[in-house]
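Peer 1: Structure below; questions to follow.
The values are calculated or read from the model by the stated rules, or taken from the named source; none is laboratory data. Since the structure is predicted, the reported quantities are computational estimates derived from the model, not experimental observations. Cβ coordinates were reconstructed from backbone atoms using ideal geometry, including for glycine residues, and neighbour counts include every protein chain displayed.
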Amino acid sequence: MTGPADLIFYFVAALTVASAILVATLPNIIYSAVALLFSFAGVAGLYVFVSADFLAATQVLVYVGGILILILFAVFLSNRISTVKISNPVHFNWQAALLCLALFGVLSYTAVSTKFPVKPGLSYQPTTAEIGELLMTRYLLPFEVASVLLLAALIGAALLSRPEGEKERSADMEEPK
Amino acid sequence: MGLDKLLVIGAALFCCGLYTILTRRNAVAVLMGVELVLNAANINFVAFSHYVSRVIGGQIFAVFVIVLAAAEAAVALAIFLRLYATTGTVEVDTADNLKG
């Protein structure tokens, strides 16, 4: 029973995995970043198939719109234009490739052969309201801890990326009074 | 679409991310591998919460993982810029100042 939904699922899955393989193998780091974009978008598509609509939107907003832009910023700020082409040399490593293939074999064999207690019948309902409600009731403490963590990461990133001379200049500015 | 297919996709993403982390020298590329691994974990969380437990807690856990990934990427970018200003490159091999 392969309906159009199954075809779309296989297409999205192939897109995700193929882009991930390209991320791991492409020699130019900018091409890797673009392949990562397609991989993130494919994961967002997979979320739709498991009735996680809020998570799919979050994936597009945060990963594709935020983290990928940050990664591209990091690429452009940490390479000279002339060296970008050789910025990401692929050191093909037999041991690493073998390890990853073996791990993939073990993981997929386990996933396919294990009988998980799957509940019959599937339901596709909007999840946004329920997630919001749970975040404000049952998961309130993790929610607040995450907000404190985000604040700490924001301050830490701003402090780390400040240029070296800035400290002395701000000290000079305070002296006249 | 089944649980096992999603788990296989998650395993493939995880192994691609692991290979990226193990073989790349550029720190930004290593960060890309870490993001792939986090995405693989998220797929597993959401798949199990949809097919097995039928409770939405898996999706909430995935939301927190996304929050952590965003914070991690921001701090990592700041560290890379500092590393580039110090050593002139972001190759992970060159950051060995603390080596005895």
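Peer 1: Looking only at region A:3-29, which residues are in a helix (DSSP H, G or I), touching a Ser or Thr at 6+ places or on another chain (Cβ under 8 Å) and either charged (D, E, K, R) or more than 16 Å from B:LYS5 (Cβ to Cβ) (or both)?
Peer 2: A:SER19, A:LEU22, A:VAL23, A:ALA24, A:ILE29
Peer 1: So, one more: Is it the case that A:PHE49 is more than 14 Å from the chain's Cα centre (by Cα) and surrounded by fewer than 23 Cβ atoms within 10 Å (Cβ to Cβ)?
Peer 2: Spelling it out, A:PHE49 is indeed more than 14 Å from the chain's Cα centre (by Cα) and surrounded by fewer than 23 Cβ atoms within 10 Å (Cβ to Cβ).
Peer 1: If you check B:VAL65, B:VAL92, B:VAL55, which single one turns out to be over 20 Å from A:LEU70 (Cα atoms) and more than 7 Å from chain A (Cβ to nearest Cβ)?
Peer 2: From the options B:VAL65, B:VAL92, B:VAL55, the qualifying one is B:VAL55.
Peer 1: Let me ask something additional. Restricting region B:69-85 to residues that are within 14 Å of the chain's Cα centre (by Cα) and more than 7 Å from chain A (Cβ to nearest Cβ), which is surrounded by the fewest Cβ atoms within 10 Å (Cβ to Cβ)?
Peer 2: That would be B:GLU72.
Peer 1: List the residue pairs whose Cβ atoms are under 7 Å apart, where the first residue sits in region A:134-157 and is more than 8 Å from chain B (Cβ to nearest Cβ), the second is surrounded by 11 or more Cβ atoms within 10 Å (Cβ to Cβ), and the two are 6 or more positions apart or on different chains.
Peer 2: Note: pairs meeting the criteria are A:PHE143/A:LEU135.
Peer 1: Run down B:SER49, B:SER53 and say which single residue is within 30 Å of A:SER108 (Cβ to Cβ) and modelled with pLDDT under 85.
Peer 2: Just a single option satisfies the conditions, and that option is B:SER53.
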